[in-house]
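Accompanying notes for the structure given below.
The values are calculated or read from the model by the stated rules, or taken from the named source; none is laboratory data. Given the structure is predicted, the values throughout are model-derived calculations rather than measurements. A quick note on method: Cβ atoms are made from the backbone with ideal geometry, for glycine too, and the neighbour counts reach across all protein chains shown. What goes into the accessible areas is simple: the full protein's heavy atoms, side chains included, and nothing from ligands, DNA or RNA. Shrake-Rupley method; radii C 1.70, N 1.55, O 1.52, S 1.80 Å.
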Amino acid sequence: MLYQRSSALFQDAQKYIPGGVNSPVRAFKSVGGTPIFIKKAEGAYIHDEDGRAYVDYINSWGPMILGHTHPDVLNATVEQMKKGFSFGTPTELETEIAQLITSVVPNVDMVRMVNSGTEACMSAIRLARGYTGRDKIVKFEGCYHGHSDSFLIKAGSGAATFGNPNSPGVTQGTAKDTLLAEYNNLDAVQELFAQNTDEIAAIIVEPIAGNMGCILPNDGFLQGLRDICDTNGTLLIFDEVMTGFRQAMGGSQERLNINADIVTFGKVIGGGFPVGAFAARAEIMNHLAPLGPVYQAGTLSGNPIAMRAGLTTLNLINNDREIFSRIDNATEILATEISKIFKEKGIANHINRLGSMMSVFFTEQNSITNFTDVTKCNHEIFNKFFHHLLTNEIYIAPSGYETWFISDAIKDTEINKTLDAVRSFEF
Ligand SMILES: *Cc1c(COP(=O)(O)O)cnc(C)c1O
């Protein structure tokens, strides 16, 4: 049995951890089967408890853009640990990373570090509300901004709607301040603004969506949001937790040439450690405590080990900008070749890709531009595809609503191994 030890460990885990996991997607609920338990990782590979080594296309859901255990990050972090684990006082490191971030990310003067993407987005909307004196926010169906209450909101019927709680424990009171629109649908956003004049503090959006599978913004969509925000005195928040330092050093703002007012980060920014951040122009960030009245804090925020890992990762990328074309090219080859192989096999599919993010959708649809399109894809075939790849030691995200993340450690050998596995897929 391929996953013998993982199965045993999963049995044990379920006794003490709800569902056996500390984040739901890891449980393989959507694809079925037993989650593999990982023992160690190096470069392009993760190694499971049964001794199998997988080409890793999850990369911790994005952070490991350099591949696993990059020696420079490892050494810098170990050296930092020797100086102490956490102080709860300012360190020079925090200024260094903030300085680097503000120098490479467009339209931001200051940055506040937090411990996760969830915290970053939660704090960003509080800041937007405090800055504008308004309560409502607009988000898009299928975009994920972490698990804080204001974002666990699902759409009612129609392209533009008031939100409903998407989880027990989220109150109607919270839900009423989150307005939902369909991704790539500017008319829906206009409609929400017409119905809620002068009440909307912010639009928050994944500028390149990755949490309903990879969905690209249509031409004019983000510029349209920018214009709507400017007309209405609303702040535009780009959630770059996934795209930041991945789509370009300056994230989607740089890659797509559109400025946001507040930007949130996570994933790559911590180099594999628990880090998030939000950044904006000084006139906005000045509203944040202790300078201003909008409260936000964190015992472990700016933790020196995490800052060292993040700073080292960001410096490595910043000093070798070719990394973006390398991972883009690797992803382009994967996307092109996979689609070619499927065409030969007569498997209907559509691949969305931008930079080093991509998703393979099994569908007859010619374009996949929003959450509804993704729900119409054949997730049964996806699940078979997932398990086929896993059996062949290729590890992609265990859901048809996720994105592949290509790291700089993935080279021709890994790409060829992956394509061989795709070639042998039968359904
Ligand atoms: C992962 C993610 C988050 C949440 O970050 P966590 O660190 O998991 O809390 C928020 N927004 C986007 C776009 C993400 O991809």
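How high is the relative contact order of the chain, in percent, with contacts defined as C-alpha pairs under 8 Å that are six or more residues apart? Please list the in-between numbers first.
Numbers: 861 pairs, mean separation 91.4, N = 427.
Computed value for the chain: 21 percent relative contact order.
Taking the average, over residues, of other Cβ atoms within 10 Å as the packing measure, peptides 218-225, 121-128, 407-414, 255-262 rank 121-128, 255-262, 407-414, 218-225 from highest down.
Report the per residue volume, in Å³, of the convex hull enclosing the C-alpha atoms of the chain.
Values: hull volume 60.9 nm³, N = 427.
So the per-residue hull volume is 143 Å³.
In terms of its Cα atoms, the range 113-235 spans 34, 34, 34 Å along the principal axes, sorted from long to short. Measuring between their Cα centroids, the range 304-323 and the range 371-388 lie 35 Å from each other.
DSSP beta bridges confined to the chain are antiparallel in about 60 percent of cases. The residues of the range 1-134 expose on average 51 square angstrom of accessible surface per residue, using a 1.4 Å probe on protein heavy atoms. Computed over every Cα-Cα pair of the range 71-318 and binned at 10 Å starting from 0, the pair-distance distribution P(r) comes out as 8, 33, 35, 18, 5, 1 percent.
Please compute P(r) over all alpha-carbon pairs of the range 8-57, binned at 5 Å starting from zero, and give each bin as a whole-number percent. Taking all Cα pairs of the range 8-57, the binned fractions are 5, 20, 24, 26, 18, 6, 0 percent.
Charged neighbours of His387, selected by a Cβ distance under 13 Å, balance to -2 (K, R count +1; D, E count -1).
For the range 71-318, which whole percent of the accessible surface, found with a 1.4 angstrom probe, sits on carbon and sulfur atoms? Present the calculation step by step, with values, prior to reporting the outcome.
Values: 4790 of 9410 Å².
Carbon and sulfur atoms account for 51 percent of the accessible area of the range 71-318.
Separation of the range 163-231 and the range 27-86 by C-alpha centroid, Å? Each part reduced to its Cα centre gives a spacing of 34 Å. Cβ under 14 Å from Val78's Cβ, Val78 left aside: what net charge do those residues give with Lys, Arg +1 and Asp, Glu -1? Taking every Cβ under 14 Å from that of Val78, the sum is +1.
Annotation: amide H of Lys39 within the under-5 Å range of His47, Asp48, Glu49, sequence separation 5 or more or interchain, hydrogens built in the peptide plane.
Would you mind checking the pairs Lys267/Lys345; Lys39/Lys83; Lys29/Lys154 and listing those with alpha carbons more than 32 angstrom apart? It would help to have the intermediate numbers written out before the result.
Details: Lys267/Lys345 36 Å; Lys39/Lys83 27 Å; Lys29/Lys154 20 Å.
With Cα atoms farther than 32 Å apart: Lys267/Lys345.
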